[in-house]
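Okay, so here's the structure we're looking at.
Each value in this text was obtained by applying a stated rule to the coordinates, not by laboratory testing. Just so it is clear, the structure is predicted and the values come from calculations on it, not from any experiment. Glycine gets a Cβ as well: all are built from the backbone with ideal geometry, and neighbour counts include every protein chain shown.
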There are 2 protein chains.
Amino acid sequence: MAKDKDFVKEITPRDQDFGQWYNDLVRKAELADYAPVRGCMVIRPYGFAIWELMRDALDRRIKATGHENAYFPLLIPESLLQREADHVEGFAPEVAWVTHGGDEKLEERLAIRPTSEAIIGEMYSKWIHSWRDLPLLINQWANVLRWEKVTRLFLRTTEFLWQEGHTCHATYEEAQEETLMILNDVYVDFAEKELAIPMYTGFKTDREKFPGALVTYPIEALMPDGRALQAGTSHNLGQNFSKMFNIRYEDKNNTMQYVWQTSWGVSTRLVGALIMAHGDDRGLRLPPRVAPIQAVIVPIVFEKTKEQVLAKAAEIAQTLEAAGIRVKLDDRDGYKPGWKFNEWEMRGVPIRLEFGPKDMEKNAVFMARRDTGEKASVPLENLADTIIKVLDDIQAGLLAEATEYRDTHTLQTADREEFLQLFEGRPGYVKSPICANGDCEGAVKDDTGATIRFIKLEPEDATSEKCINCGEKAKWWAYFAKAY
Amino acid sequence: MAKDKDFVKEITPRDQDFGQWYNDLVRKAELADYAPVRGCMVIRPYGFAIWELMRDALDRRIKATGHENAYFPLLIPESLLQREADHVEGFAPEVAWVTHGGDEKLEERLAIRPTSEAIIGEMYSKWIHSWRDLPLLINQWANVLRWEKVTRLFLRTTEFLWQEGHTCHATYEEAQEETLMILNDVYVDFAEKELAIPMYTGFKTDREKFPGALVTYPIEALMPDGRALQAGTSHNLGQNFSKMFNIRYEDKNNTMQYVWQTSWGVSTRLVGALIMAHGDDRGLRLPPRVAPIQAVIVPIVFEKTKEQVLAKAAEIAQTLEAAGIRVKLDDRDGYKPGWKFNEWEMRGVPIRLEFGPKDMEKNAVFMARRDTGEKASVPLENLADTIIKVLDDIQAGLLAEATEYRDTHTLQTADREEFLQLFEGRPGYVKSPICANGDCEGAVKDDTGATIRFIKLEPEDATSEKCINCGEKAKWWAYFAKAY
């Protein structure tokens, strides 16, 4: 794809074909590309810069809550993966197996980690001895691999990047507190403040929980096509792994006890969520806090005033950079301003500043907001302050917009006919009563394609209602949606 | 290993058995541990915190010189790895092969990347079209895997973490400039300023170069046991890969040209170098710039004054933290001060501050330096300034010490007998004349175990000397050493 001067990258309109719009955007904004191995992706520099900002913002929160980073090996012996029965049953079909090292056939197959509970459990059993060693609060940033049948850039790829926290505690209560602290204080806070994506929280039904967990708590977002997206999970693992991996500590009474564990993770899938949650027909709209470029300056140059305009534009860029704004001066030759406008709109840069001879005369700059499309001439005086305020405004506006969409697409019905009718389309979330029978959950999925995304942390009692599937007495209100 | 109150961790004296000293230190300072898969390691939180500081300091330099980060896939199809003949010959014996995904046998084996030239070359051939796309300056931080026969924590492990830069240029000259810029301005600068390890630079002989490179330029350090350690490499790849992967651009005259490439990397091996370069019989000595804890405060508590001492110690910690010092207040119960002193010495914390009732009375703190062992009472007034100065002094002192060792262990001889005699031990570097015949290099290795580590960037002419092996006319002076 040659970068011709007048080339404008076209993307499929979002309402016409949401899936195609997404694919076009990911490829044309140069966020990611397909790799030669089926389902694997290359994260290109612009996409990776977004991920780095997300990673750093999340890493700060993980460390501020007392966790340390470490690194565990990529390869897990098959026998270790098989220790926890539910765990291996859940993951074995998705595992890539290493069978040869150099020319040598291995005696035991090695799994490329699909997640690291098994290898970390094995190490923890060696490291933990006494109550003094608890709590053990470790996180790792790593690549993992799951042999997926159907893949999509960022959203579901064979290999992906993530963080996985793995903690050990003396009691169930401490483990539960950690599980919910991560869910609310780390994940929801991060998603709303940095990504401008509002999150529902709750717990998963047994059918949908992590293989090996007692209870799984997701953060759930709603995408503009009406599909839900599980954006992260925090698991209370109970003693399921500590018993299988023999992770024990001597308590203050000199009695050996199994530890209580949690694990929790979010992944590069969040980049996909970010793209979908805020993008429009002109491309990405990045929340300023995770935008690699927060303001781009496009100089408007004419032969006569070129030198002065470029010099002054560079000065403006320096001023903004000194104020902590991630700014780029796009002074490339051979591209017309209009082409650059389209390029940076496509790439979702929150603020564009146009600067030409007329602006220079007025001691001003022409500002265009990516979120609302608003345009205005802005004085150079106190420009950094102005920009910082507008960036904050954009950040807040994107969250408000996404929240309004989510709230107006969270419906409620106890009526089976209405429920079925709603799920002929993609209505968003539908809150409906369900009994405690997992088979009913399965039947709803077969009938509609919708699954229970979560039940509220404080379950909403529905014992006066009838189950949306079987018509018998319901137990609680559940949030159904079609999902990614 | 229970953390008993009076437990003092013992390590083998360095002069008694350097290898055992190293292993003891890595394990007992909790830097790393062996994993269940042969040759793989777990990087524990303290070791990983050192790596994070190193990574961030290097990443800043990589970005400041115009490079962007990206992420390429872990898995490389066998056919891609085979494209460049020297490359596959060099790496195939060390590759771990994935043959199954879930229950499915793969049609083509997939290599876990031992390095990423092949997969990146394949992507670059799709991304690069015009001279406008050059230079392309990309780096990635990733795990790689090489099926090593003999392994050692950090120094040579089956899986390791590293950064690998991969750049494309329009001309040979630009590629060569990039190769040397990375070597000198990025790697040497980083190693000396952050790790306090002086580096020799030069080029490798053809025998020792990277499989597929035109020329390999290493940074080379000398360890205190007289062995050299290759700490990083920068390769001018010429057009070897661009021709095999068809990476071409249209130049300004509309002619298709193959790009000129470089690649360069350093790895978690540097953590091993850091441990060896500065450690002593009491444990690690960390240069302040890569020390996760730069100053530890150990309160000396007695029943009567406990509350005031702890409160004041916390205040001191806050003051230092506010000044940007990485400080830890070790107020753990159940450990005696002496145990804590040993613990933090073992872990290489540059400065220990003891604070008890007597210090409180004097409005002072008792400071112990890890590098020299010096101890002194220091006023609390302007403590942060004092600490910052001492940290700078320690950083400079460690570099000076390592440089002096390296310089006094760089010998020179043109005499074969002396050469052979020197290499009955481990003398450090020995600079000797060699001819251009690779067989002589091989013979020296067979006779002594020493290899040519590098020849100076500006080769030192030795045509008036005789080759240390064959006695024929020599070409240049080469730096020989036994190496890790």
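Some notes on this structure:
- B:Asp56/A:Asp447 FRET efficiency (R0 35 Å; Cβ-Cβ; nearest 0.05): 0.10
- For the stretch B:78-147, alpha-carbon Rg relative to the globular expectation (2.2 N^0.38 Å, N residues): 1.30
- Sparse-neighbourhood loop sites, GluC sites (Glu not before Pro) in the stretch B:400-484 - DSSP loop, at most 10 other Cβ within 10 angstrom: B:Glu424
- Rounded FRET efficiency, nearest 0.05, which uses the C-beta distance separating B:Lys149 from B:Glu472 and R0 of 41 Å: 0.70
- Unit Cα scatterers, Debye sum, the stretch B:412-484: log10 I(q)/I(0) for q = 0.14 Å⁻¹: -0.34
- Long-range Cα-Cα pairs in the stretch B:1-104 (distance over 19 Å), rounded percent: 71
- Look at A:Thr205, B:Thr319, B:Thr268, A:Thr463 and count the other Cβ atoms within 10 Å of each Cβ; fewest to most, that gives A:Thr463, B:Thr319, A:Thr205, B:Thr268.
- Across the stretch A:314-328, computed HN-Hα scalar couplings (Karplus, 6.51 cos²θ - 1.76 cosθ + 1.60, θ = phi - 60°) run 5, 5, 4, 4, 4, 4, 5, 4, 5, 8, x, 8, 7, 10, 10 Hz from first to last residue, x flagging Gly and Pro.
- Under the Karplus curve 6.51 cos²θ - 1.76 cosθ + 1.60, θ = phi - 60°, whole-Hz ³J(HN,Hα) for the stretch B:79-87, x wherever Gly or Pro sits: 5, 6, 5, 7, 4, 9, 4, 5, 4
- Descending Cα extents along the principal axes, the stretch A:47-185, whole Å: 44, 41, 27
- Within the protein assembly as shown: Cβ-based charge dipole about Cα centre, in debye rounded to nearest 20 (Lys, Arg +1; Asp, Glu -1): 180
- Partner chain coverage, peptide A:64-71 - average Cβ within 10 angstrom: 5
- Projecting the Cα atoms of A:Trp131, B:Pro73, B:Gly449 onto the charge dipole of the protein assembly as shown, computed from C-beta unit charges around the Cα centre, puts A:Trp131 farthest toward the positive end.
- 5 angstrom amide H check on B:Ala32, placed H, neighbours 5+ away: B:Arg44
- Restricting the calculation to alpha carbons of chain B gives Rg and Dmax of 25.4, 85 angstrom.
- Helical runs assigned H by DSSP (4 residues or longer) give chain B a calculated mean residue ellipticity at 222 nm of -10000 deg cm²/dmol, each run adding -39500 (n - 2.57) before division by the residue total.
- Under 13 Å from the Cα of A:Lys431 - aspartates and glutamates, other chains or at least 8 residues apart: A:Asp407, A:Asp415, A:Glu418, A:Glu460, A:Asp461, A:Glu465
- For the stretch B:339-398, the C-alpha radius of gyration divided by 2.2 N^0.38 Å, with N the number of residues, is 1.12.
- Comparing the stretch A:148-219 with the 2.2 N^0.38 Å rule of thumb, its C-alpha radius of gyration ratio is 1.28 (two decimals).
- Whole-angstrom gap from the stretch B:29-43 to the stretch B:188-231, using each part's C-alpha centre: 25
- Spherically averaged projected area of the convex hull of Cα atoms, the protein assembly as shown: 44.6 nm².
- The label point for B:Ser130 and the one for B:Gln16, both projected 7 Å from the Cα toward the Cβ, are 6.9 nm apart.
- Taken along its three principal axes, the alpha carbon spread of the stretch A:368-471 comes to 67, 29, 19 Å, from the longest extent down to the shortest.
- Volume in Å³ per residue [convex hull over Cα atoms, computed for the stretch A:281-435]: 131
- Electrostatic dipole magnitude of the stretch A:423-473 [Cβ: Lys, Arg +1; Asp, Glu -1; Cα centre; debye, to 20]: 180
- Taking the longest Cα principal axis of chain A as reference, the axis of helix A:438-448 is set at about 40 degrees.
- Shielding value for A:157-166 is 1, the average number of Cβ atoms from other chains within 10 Å of each residue's Cβ.
- For the stretch B:1-94, applying the loop criterion from DSSP together with a ceiling of 13 other beta carbons within 10 Å to the chymotrypsin sites (Phe, Trp or Tyr not before Pro) yields B:Phe7.
- Placing unit charges on the Cβ atoms of the charged side chains and taking the dipole of chain A about its Cα centre, the candidate lying farthest along the positive direction among A:Met256, A:Ile197, A:Met346 is A:Met346.
- Viscosity 0.890 mPa s, temperature 25 °C, Stokes-Einstein D of the stretch A:241-317 from Kirkwood C-alpha radius, µm²/s: 131
- In the stretch A:292-342, Rg over Rh equals 0.98, where Rg is the alpha-carbon radius of gyration and Rh the Kirkwood radius from pairwise Cα distances.
- Inter-chain neighbour count for B:131-139: the average number of beta-carbon atoms from partner chains within 10 Å of each residue's beta-carbon is 2.
- The angle between the Cα long axis of helix A:45-64 and the main principal axis of chain A comes to about 50°, on a 0 to 90 degree scale.
- Cα-only Debye scattering, the stretch B:132-285: base-10 log of I(q)/I(0) at q = 0.09, 0.15, 0.20, 0.21 Å⁻¹: -0.33, -0.83, -1.29, -1.38
- When only Cα pairs below 8 angstrom with a gap of at least 6 residues are kept, chain A shows a relative contact order of 14 percent.
- Residues B:Phe190, B:Phe154 arranged by fewest to most Cβ contacts within 10 Å: B:Phe190, B:Phe154
- For the stretch A:53-92, size of Cβ-based charge dipole, Lys and Arg +1, Asp and Glu -1, in debye: 320
- Residue-by-residue Karplus 3J(HN,Hα) for the stretch B:398-409, coefficients 6.51, -1.76, 1.60, Hz, glycine and proline x: 5, 5, 4, 4, 5, 5, 5, 4, 4, 5, 6, 10
- Pairs exceeding 19 Å between alpha-carbon atoms, taken from A:Lys312/A:Lys375; B:Lys306/B:Lys336; A:Lys306/A:Lys362; A:Lys193/B:Lys328; A:Lys304/A:Lys358: A:Lys312/A:Lys375; A:Lys193/B:Lys328.
- Based on Cα contacts under 8 Å between residues 6+ apart, the stretch A:337-457 shows a relative contact order of 13 percent.
- The alpha-carbon of B:Lys28 sits under 17 angstrom from the alpha-carbons of these lysines, leaving out residues fewer than 8 places away in its chain: A:Lys126, B:Lys3, B:Lys5, B:Lys9, B:Lys340.
- Position A:Glu418: other-copy label points at 9.8 nm, ordered by increasing distance, label point 7 Å along Cα→C-beta.
- As a length-normalised measure over Cα pairs under 8 Å and 6 or more apart, the relative contact order of the stretch B:89-193 settles at 23 percent.
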